[in-house]
1. Would you confirm whether any residue within segment B:104-117 is outside any helix (DSSP H, G or I), modelled with pLDDT of 90 or more and under 29 Å from A:Q35 (Cα atoms)?
2. Please enumerate the residues belonging to segment A:169-191 that are within 20 Å of the chain's Cα centre (by Cα), assigned to a loop (DSSP other than H, G, I, E, B) and within 30 Å of B:N7 (Cβ to Cβ).
3. How many residues, within segment A:188-214, are away from every other protein chain (no Cβ under 14 Å) and surrounded by fewer than 18 Cβ atoms within 10 Å (Cβ to Cβ)?
4. Could you check, for segment B:73-80, whether at least one of its residues is facing chain A (nearest Cβ under 7 Å), more than 24 Å from A:S34 (Cβ to Cβ), touching a residue at least 12 places away in the same chain (Cβ under 8 Å) and outside any strand (DSSP E or B)?
5. Suppose we keep only residues that are part of a strand (DSSP E or B) and modelled with pLDDT of 75 or more within segment A:108-135. Which one would you say is nearest to the chain's Cα centre (by Cα)?
6. Is it the case that some residue within segment B:91-101 is touching a Cys at 6+ places or on another chain (Cβ under 7 Å), of a type outside the set (G, A, S) and more than 8 Å from chain A (Cβ to nearest Cβ)?
7. Does A:I255 qualify as being among the aliphatic types (A, V, I, L, M) and part of a loop (DSSP other than H, G, I, E, B)?
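The values are calculated or read from the model by the stated rules, or taken from the named source; none is laboratory data. No experiment lies behind these values; they were computed from the predicted model shown. Because the Cβ atoms are built from the backbone with ideal geometry, glycine has one as well, and the counts that use them run over all protein chains shown.
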Amino acid sequence: MSSALKRKRVRVVYLGGIPLSEPSTPQYINDMLSQFLELQLVADVEVRIIDNLAGADITWSMVGEAARDIAAHYDEFDGFVIMHGLDNVLYSANLVTFMFHRLTKPIVFTGMAHNESTTQTTDQVVYPIIGLQTNLLTAVQLATMNCRGVILAYGPHIVRAVRAVQHQGVIQPLDSIGEEEIARIQFGVQLLPHAPERLSDSVEFWPEFSETVRLVQFYPGFRLSESEAAQYSAIVAVGYEEQLVPTNLPLLETIPVVVLLSKPPIVPVPEGVIIMQGITLPALLTKTMVAIRRTTDPVKLARALRRNDHDELL
Amino acid sequence: MIVYVLNTSDTDIAQLVRTTGTTVWTSVQDAPRHALEGLTLNALERVNAIILEIAHPADELYYILAQAIILQKPTLCLYPKNKEPREVLQHLSKRTIPASVTKRPYTTATIEETVRKFLNAVDYSIPASDIPNIKFTLRLTTTMERYLDWLAQERQLNKAEYLRAMLKRELDNDDTYQQFLKNDP
């Protein structure tokens, strides 16, 4: 390419996101991705295949492995792409966010946004493979651009992981709360003015996270025995507006309970309960998973959760 | 027909395309708002053809070229005859590049014909050449002929050239006709 456009290097970490017929070996996937040679126009792309799973089957440890791969190669590449099915991507992407302190480059999640059948909207028919290729190309392009943070590129609107929520649309499966999308695809990829720019600082990687944080949604008859609760390092709950948590929740003294409310509590907050507002549930859960490995002290944990290092708090 | 043009060279390719009566988009500002609603992939879905000047780099050039390949849009990649972008041309020569993507060298003398030929292949209503080659006999009155002689001398054009120029001005400024061209299937 012309010297005026220096070649950028992008690492693609593959977890899944492409429906393939079995068996699909790493070599097959690597060859398939290489055949999307349009990618090679925009950057030098290197592929690492971890597994090939639907989003619903991807485990926390696989996400951790993808993050560790990125951390190990952080200085070698200009940006990173993680291929991941749409299911659970909000959780995976937020976990990766909180595993990096002061992320200075982009990590872009992408995959197929449509199921295998063609999707018809008004007078358009969207072909899934073309959609995947376009998403992947956009993700690689974003990974070369002047932005940072964990980003989701599953359609023409590009959102930050910490502000992403599920959307009911088929064409645009994700939405953003508290801000517009950070980039749009028009002809090229257009970063919007509020998109965080790259930094030249050093990045810190926090590889440890707890997989034993229990996410609960209270409902009538909800029970959690002491012996069950003993398995967990913390509880993250979508709380009740008037009472925060059920009175039968036993472990306020032994494990932290983090309660997500939509507005400030109107009752006194019991000791050991941390109230959080203005954050998405996937972000809160994964932030807790990382923070609880760094401290179990409730005061320090509360302080860590209330830090806004990734602009995750509205 | 709508053509997307990406060009950072000194040659005004967009204007050249406009002279054929084609709608040209060079950015989203050129596209009417409703045209970009409901996009599933990107705005290139809405165009019929793409023209890219590939020798003068623009930030989004390779991304757009890659999208054009994915979408298999008729795409013309232009480069000056004396300034071949070798790496891009090498890439565009691979067997897996679809036939919808073509590459052509140009000079200031040949660019109009090159663009017209490409557009004609996409839309036959656009003439491949703007060279006058249709004979037309026109009977004039003596008064008219004398006036035409005088005009040709004043404007330093031969009579046929003057009449063609006059007709072209009418054609370019006739909004009803331009609308007809857009709606004509």
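1. yes
2. A:E180, A:E181, A:I182
3. Residues of segment A:188-214 away from every other protein chain (no Cβ under 14 Å): A:193-214.
Keeping just the survivors that are surrounded by fewer than 18 Cβ atoms within 10 Å (Cβ to Cβ) gives A:193-194, A:197-208, A:210-212, A:214.
Going through segment A:188-214 one residue at a time, the tally reaches 18.
4. Quick first cut of segment B:73-80, residues facing chain A (nearest Cβ under 7 Å) only: none.
Checked against the condition, which is being facing chain A (nearest Cβ under 7 Å), more than 24 Å from A:S34 (Cβ to Cβ), touching a residue at least 12 places away in the same chain (Cβ under 8 Å) and outside any strand (DSSP E or B), segment B:73-80 yields no hits at all.
5. Kept after step one, since they are part of a strand (DSSP E or B), are these residues of segment A:108-135: A:108-110, A:119-121, A:124-126.
If we keep only those that are modelled with pLDDT of 75 or more as well, we get A:108-110.
Numbers: A:V108: 9, A:F109: 7, A:T110: 10 Å.
This residue is A:F109.
6. Applying the first criterion (touching a Cys at 6+ places or on another chain (Cβ under 7 Å)) to segment B:91-101 yields B:92, B:101.
Next cut, of a type outside the set (G, A, S) only: B:92, B:101.
From the residues that got through so far, the ones that are more than 8 Å from chain A (Cβ to nearest Cβ) too are B:92, B:101.
Checking segment B:91-101: at least one residue is touching a Cys at 6+ places or on another chain (Cβ under 7 Å), of a type outside the set (G, A, S) and more than 8 Å from chain A (Cβ to nearest Cβ).
7. Working: among the aliphatic types (A, V, I, L, M): yes; part of a loop (DSSP other than H, G, I, E, B): yes.
Yes: the conditions hold for A:I255.
For every residue, the table says whether it meets (1) loosely packed, with under 14 Cβ neighbours inside 10 Å; (2) in contact with a strand residue (DSSP E or B) (Cβ under 8 Å, 6 or more places away or on another chain).
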{"residue": "B:I69", "(1), (2)": "no, yes"}
{"residue": "B:T114", "(1), (2)": "no, yes"}
{"residue": "B:K117", "(1), (2)": "no, no"}
{"residue": "B:Y147", "(1), (2)": "yes, no"}
